[in-house]
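Structure record follows, encoded as structure tokens.
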Amino acid sequence: MHNIAIADLIPIVLYLVLLFWLGFKSRRNHPSQEEFLLSGRSLTIPAFVATLVTTWYGGILGIGEFVHKSGISAWLMLGLPYYIFAIIYALWLAPRIRNSGAVSIPDMLQSVYGKKAGLIGGVFLIIMTSPAPYILMLGVLLQMLFGFGFYISIIAGTVISIVYVYWGGFRSVVATDKLQFVFMFGGFILLLIFLIADVSPVEMIGRLDEGHTSLSGHLTWQEIVVWFLIACWTFIDPGFHQRCAAAKTPKTAQYGILISVGFWFVFDTLTITCGLYAFVLYPQIDPLTAYPYLASLYLPVFLRGIFYTGLMAIIMSTIDSYTFLSALSFGNDIILKLKNNHGHKDVVNTWIRIGLIFTGLVSIGLIIAMPSVISLWYNLGSLFIPPLIIPLVAGFSEKLRPSPVAVIIMMCISFGISFGWYLIGQLNSVNGSAVYPLGMEPFFPGMLFSILSYITDLLCKAFIRNVTH
């Protein structure tokens, strides 16, 4: 689909120029560690909302793929549960995170459970926050629009998305997210206007089949439950944690998340509606290309370029944030912890910059291993939510938190069970579909072990208290 006209390139070039200008303009000379990692804890509500909304919505081509295949069930799997968990996060966790003083999730785990828990959490988060799904999407988009080779597109997309972060840190991420927020909404509003002008929403809905109007879509009950529970990712997402830690006040973090939920609902409405139009009008196209394909046919030149720029902005806003977060785990939460936190602020920031390069290489490896956006989301969530969710959420309550020993056991064995379950399923796949033991998805045995070990630990602590008193 290499139908880019010169007029389409104008908004793309303008966007890239503004992106780099904002990214480099925002950098500080010799920034402190807190400045480089958290923008000096100075985020206001508009900045907080812009950076959280754009970062949390990077999987735009994957959304198009999901809607084209399964219809409105995308809202049940990828919309509603995230609103619910984000609201809980805002009301309960956000103020606590801002008041805790922790820079990152592994920092919090170390302060509550000890150094080993922090290190294990750091290793998990390097992989869990890998921008691999988003780099894959950007590579596909660049390949589709410009005809570049696949791996050239992936490497180019990675470099473009992180070069300004390398120098400017989190402040550059926030500055560029504001620009990306405008293109994100503007592009899809334009596309929907032109679609409605051609086919009314009533007519479009009337042409949908039963699978696309069903809340369950074509998914099994296990897949529905897993997708819903994967939204628990919100509680362990370092992007949420970093932005809450960087907020000006606890109320800024709380209100910022609640306002963001409203913007996510509006944007979900835009993307799901456009995805349904794509299925009705062009059911045979590659679902991953649904949005750019629609834009190429329905938008005039220049406006088409604005939409393509919006797609790039959505994906790049997540790549730069997740790459930075993964690099933070590498430099601040692993290397410096192993060095017993010894290091001048320049040394800290240098290790994080090295982590940016390391993260890019790990992401490319994950893309080669799992070249599917949906698979990357599903499998990473299935493997890393079970070992992390209970230690992190319970850690904010002295009465509910497990013991440090129980946390180490829970994190290691829960991950090992889910990962082993996943490998067995892949090794016994039939026609490309994994066959898991007992017909159970990897998420469930890992989560079951975490829950049982947590309950056992609480009971043991209660028994010891009763005996000693």
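Would you mind working out the magnitude of the charge dipole of the chain relative to its Cα centre, with +1 at each Lys and Arg C-beta and -1 at each Asp and Glu C-beta, to the nearest 20 Debye?
Here the chain has a charge dipole of around 1660 debye.
Taking 0.36 nm per residue of separation and subtracting the Cα-Cα distance, what length does fully extending residue 369 through residue 205 add? Don't skip to the end; give the middle numbers.
Details: separation 164, 0.36 × 164 = 59.04 nm, distance 3.77 nm.
Gain in length upon complete extension: 55.3 nm.
At 18 angstrom or more along the helix axis (alpha-carbon based) and mean Kyte-Doolittle of -0.5 or higher, what helices does the chain contain? Whole DSSP H runs only. Don't jump to the answer; show the numbers that get you there.
On the way: long enough: 6-25 (28 Å, 2.02); 115-128 (19 Å, 1.63); 132-146 (21 Å, 1.95); 150-168 (29 Å, 1.67); 170-198 (42 Å, 1.59); 250-281 (47 Å, 1.18); 303-328 (37 Å, 1.17); 345-369 (36 Å, 1.44); 373-394 (30 Å, 1.70); 404-427 (34 Å, 1.75); 443-468 (38 Å, 1.10).
Going by DSSP H runs, the hits are 6-25, 115-128, 132-146, 150-168, 170-198, 250-281, 303-328, 345-369, 373-394, 404-427, 443-468.
Just to be sure I understand, if you calculate mean projected area of the Cα convex hull in nm² for this structure, which of (1) 27.3; (2) 21.2; (3) 22.5 do you get?
It is the value labelled (3).
Using a simple spin-label model with points 7 Å from Cα along the Cα→Cβ vector, what separation in nm is obtained for residue 159 and residue 189?
Taking the simple label geometry, residue 159 and residue 189 are separated by 3.5 nm.
At a 10 angstrom cut-off on C-beta neighbours, averaged per residue, how do the peptides 190-202, 375-387 rank from highest to lowest? All intermediate terms of the calculation are to be shown ahead of the outcome.
Details: 190-202: 15.1, 375-387: 21.8.
Per-residue mean Cβ counts within 10 Å order the peptides as 375-387, 190-202.
How big is the gap, in Å, between the Cα center of segment 120-186 and the Cα center of segment 396-411?
34 Å
Name the residue from 157, 245, 5 whose Cα lies farthest towards the positive end of the charge dipole of the chain, charges +1 on Cβ of Lys and Arg and -1 on Cβ of Asp and Glu.
Final value for the positive-end residue is 245.
Can you give the FRET efficiency for residue 92 and residue 399, using 1/(1 + (r/R0)^6), R0 = 22 Å, r = Cβ-Cβ distance, to the nearest 0.05?
Values: r = 14 Å, r/R0 = 0.65.
Given R0 = 22 Å and the Cβ-Cβ separation, E is 0.95.
Ranked highest first by the average count of other Cβ atoms within 10 Å around their residues, in what order do 391-402, 42-53 fall? Walk me through the numbers on the way to the answer.
Values: 391-402: 16.8, 42-53: 22.0.
Ranked from most to least packed, the peptides come out as 42-53, 391-402.
Which order do 218, 68 fall in if you start with the one that has the fewest other Cβ atoms within 10 Å?
Details: 218 12, 68 24.
Listing 218, 68 from fewest to most nearby Cβ atoms yields 218, 68.
Please compute the modelled spin-label separation between residue 44 and residue 182, points set 7 Å along Cα→Cβ, answer in nm with one decimal.
The two pseudo-label positions are separated by 1.6 nm.
Once each part is reduced to its C-alpha centroid, what is the distance from segment 282-334 to segment 211-233 in angstrom?
For segment 282-334 versus segment 211-233, the Cα centre distance is 23 Å.
Would you order 237, 209, 177 from fewest to most other beta-carbon atoms within 10 Å of each residue's own beta-carbon? Please list the in-between numbers first.
Numbers: 237 22, 209 11, 177 25.
Final ranking by Cβ density, sparse to dense: 209, 237, 177.
Expected output is a single nm value to one decimal: the length gained when fully extending between residue 249 and residue 151, i.e. 0.36 nm times separation in residues minus the C-alpha distance. What is it?
Result: 31.0 nm gained on full extension.
Just going by the charge dipole of the chain, with Lys and Arg at +1 and Asp and Glu at -1 on Cβ, which of 172, 58, 73 is farthest out on the positive end?
Positive-end residue among those listed: 172.
Work out the charge dipole of the chain with +1 on the Cβ of Lys and Arg and -1 on the Cβ of Asp and Glu about the Cα centre, then indicate which of 213, 236, 364 is farthest towards its positive end.
Positive-end residue among those listed: 236.
How high is the FRET efficiency from residue 413 to residue 459, r the C-beta distance, R0 22 Å, rounded to 0.05? Don't skip to the answer; put the middle values down first.
Values: r = 18 Å, r/R0 = 0.82.
According to the calculation, E is roughly 0.75.
At 0.36 nm per residue, and after removing the present C-alpha to C-alpha distance, how many nm does the segment from residue 301 to residue 21 gain when stretched out fully?
On the way: separation 280, 0.36 × 280 = 100.80 nm, distance 2.55 nm.
So the extension gain works out to 98.2 nm.
To the nearest 20 debye, what is the magnitude of the charge dipole of segment 1-154 about its Cα centre, counting +1 on the Cβ of each Lys and Arg and -1 on the Cβ of each Asp and Glu? Mind dumping the intermediate values first?
Details: 9 positive and 5 negative charges, 87 e Å.
Using only the charged Cβ atoms, the result is roughly 420 debye.
Among 450-462, 92-104, how do they line up from the highest to the lowest mean number of other beta-carbon atoms within 10 Å? Let's see the in-between values first.
Values: 450-462: 15.7, 92-104: 18.8.
Top to bottom by mean Cβ count within 10 Å: 92-104, 450-462.
Only the coordinates and a few stated rules stand behind these numbers; no lab work does. From a predicted model like this one, the values you see are computed outputs, not experimental measurements. When we count neighbours, we look across all protein chains shown, and the Cβ atoms used for this are built from the backbone with ideal geometry, even at glycine.
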